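Encoded as structure tokens, the structure appears first; notes follow it.
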Amino acid sequence: DSMLPEMTFKAIQENELDAVGLPSIDLQGINPIKFDATIPLRPEIQLNSYKDIRVEKEEIEVSEESIDERLEQLRLSIATWEPFESEIEEGNMITAEIKCTLSEEILIEESDAVYLINEEIGRPFPGFSTKLIGLKIDTQSSFVLDINDDFNDPKLAGQTISCEVLIKDVKHRVLPELNDEFAKGIGEGYENLDELKQEIQTGIQTESEQQSNFDFREKIIESVINEANISIPPLLIQNESENIIQQHTQMITQANMALQDYLQSIGKTEEELQNEAQEEAEGRIKRSFLISKIAEEENIEISDEDIELKMQEIFANSDGEIPNSTQSDEMRNYLFRTLLTDKTIERLEEIASGKESDLTDEKMDETE
């Protein structure tokens, strides 16, 4: 355990290898010790004409429809549920006794099941809600349900199940009127409906600008990746892919779920999860090395003063002193990488929007 990493590191130094990431070690024998080590090397990157990349940023315009949609969401959030005596309609909430079977196997058997009649939810099965529309309270009903071939449970995909339902209770949602009184009851309260609408417009504008900025950056980075030539060592992708899978597994475990149950809930196989992890891993690695290469190409530097200012910004709202732990090499390296990435992407934004060319022309004019 101690000799193999030490000897591998020594071999890397003796051969002057530009190694990145963890090596893969295959022990061949103990007496004498003999092993093979596969070392992932830093990829060779050709950026090509990345300075010619141009990306347009989406213009933000908040429509009346988007404001109305947000208002409707607020109305739904504070709506009340009241008894409904008519036949079941879309959007109702029901309490029912339900039993669904496949041949003689019981799939669902509940005495007080609560369901929202909404086909988009697809619970417990796609098409189930539609079968309930038109039913009445205290009436026993039976129906069959054809499950699609692409259903995420292979045991049920393409099968026909039988359901028996007894509706016990039906409620419908009662929405508040859209007026000044409604506005006064939202959050800490607004003077009138117009003030609430203005606040919603400002919020949507801010959200849209943040999303636009994110999309703008992602398009730029994608364009740079497409423009460049880069070959990633398979071992790097494998290590990062395993790391992603491990993070998924920890998340699933913390949620008290089994892996197979989780895969069934998202409608994917373990092989599909592995393939997605590999694609994500390759994208992460390409992104990281390309940004580092461009930072080097553009002579982007991060000073100790930059790191200190970032530290003060992080703890600006903290009542106490900046913890000593922030002075660790690990923390400072993290801030260095974060700042380097941010500054590099800012430079790419200048290039992609044509501002970098304008700045270059200005410098040339000043020199002349």
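The values are calculated or read from the model by the stated rules, or taken from the named source; none is laboratory data. Predicted model, so just to flag it, every value in this text is computed and none were measured. Virtual Cβ from ideal backbone geometry, glycine too; neighbours counted across all protein chains shown. For accessibility, only protein heavy atoms count, side chains too; no ligands or nucleic acids. Shrake-Rupley method; radii C 1.70, N 1.55, O 1.52, S 1.80 Å.
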Charge dipole of the stretch 110-269 built from unit charges on the beta carbon (Lys, Arg +1; Asp, Glu -1), centred at mean Cα; most positive-end Cα among 250, 129, 189 is 129
In degrees rounded to 10, the 0-90 angle between helix 329-352 Cα long axis and the longest Cα principal axis of the chain is 80
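Between residue 210 and residue 35, what FRET efficiency comes out of the Förster formula 1/(1 + (r/R0)^6) with R0 = 45 Å and r the beta carbon distance, rounded to 0.05? Provide the component values of the computation, followed by the final result.
Values: r = 50 Å, r/R0 = 1.12.
It comes to 0.35.
First check a/c for the stretch 1-142, with a ≥ b ≥ c the square roots of the eigenvalues of its C-alpha gyration tensor; if it is under 1.5, answer rounded, and if not, answer prolate when a/b is larger than b/c or oblate otherwise.
On the way: a/c = 4.76, a/b = 1.92, b/c = 2.48.
Since a/c reaches 1.5 but b/c is at least a/b, the shape of the stretch 1-142 is classed as oblate.
For residue 85 and residue 202, calculate 0.36 nm times their separation in residues minus their Cα-Cα distance, and state this gained length in nm to one decimal. All intermediate terms of the calculation are to be shown ahead of the outcome.
Values: separation 117, 0.36 × 117 = 42.12 nm, distance 4.14 nm.
Computed gain between residue 85 and residue 202 is 38.0 nm.
Quick one: pull the percentage of alpha-carbon pairs in the stretch 67-188 with a separation above 16 Å.
Numbers: 4901 of 7381 pairs.
The answer is 66 percent, as a whole percent.
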With Cα coordinates, the longest principal axis of the chain makes an angle with the long axis of helix 270-297, in degrees rounded to 10, of 40
Carbon/sulfur accessible area of the chain, % of total, 1.4 Å probe, equals 44
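Might you report the magnitude of the Cβ-based charge dipole of the stretch 42-84 about its Cα centre, with Lys and Arg at +1 and Asp and Glu at -1, to the nearest 20 debye? Kindly include the intermediate steps, with their values, before the conclusion.
Details: 6 positive and 12 negative charges, 93 e Å.
That gives a dipole near 440 debye.
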Measuring from its Cα centre, the chain shows a charge dipole (+1 at each Lys and Arg Cβ, -1 at each Asp and Glu Cβ) which, in debye to the nearest 20, is 1320
With +1 at each Lys and Arg Cβ and -1 at each Asp and Glu Cβ, the charge dipole magnitude of the stretch 93-176 around its Cα centre, to the nearest 20 debye, comes out at 400
Shape call for the chain, from the Cα gyration tensor axes a ≥ b ≥ c (a/c under 1.5 means rounded, otherwise prolate when a/b beats b/c, else oblate), comes out oblate
Output ordering of 159-170, 52-63 (per-residue mean of other Cβ within 10 Å, highest first) is 159-170, 52-63
Rounded to whole Å², per residue accessible area for the stretch 1-133 with a 1.4 Å probe reads 70
Note on the chain: contact order normalised by length, alpha-carbon pairs under 8 Å, 6 or more apart, percent, works out to 19
With Cα coordinates, the longest principal axis of the chain makes an angle with the long axis of helix 355-367, in degrees rounded to 10, of 30
Where a ≥ b ≥ c are root eigenvalues of the Cα gyration tensor, a/c under 1.5 meaning rounded, otherwise prolate if a/b exceeds b/c and oblate otherwise, the stretch 129-262 counts as oblate
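Going down the list 219/286; 286/343; 219/355; 34/286; 57/268, which pairs span over 26 Å between their C-alpha atoms?
Numbers: 219/286 15 Å; 286/343 18 Å; 219/355 17 Å; 34/286 34 Å; 57/268 35 Å.
Correct reply: 34/286; 57/268.
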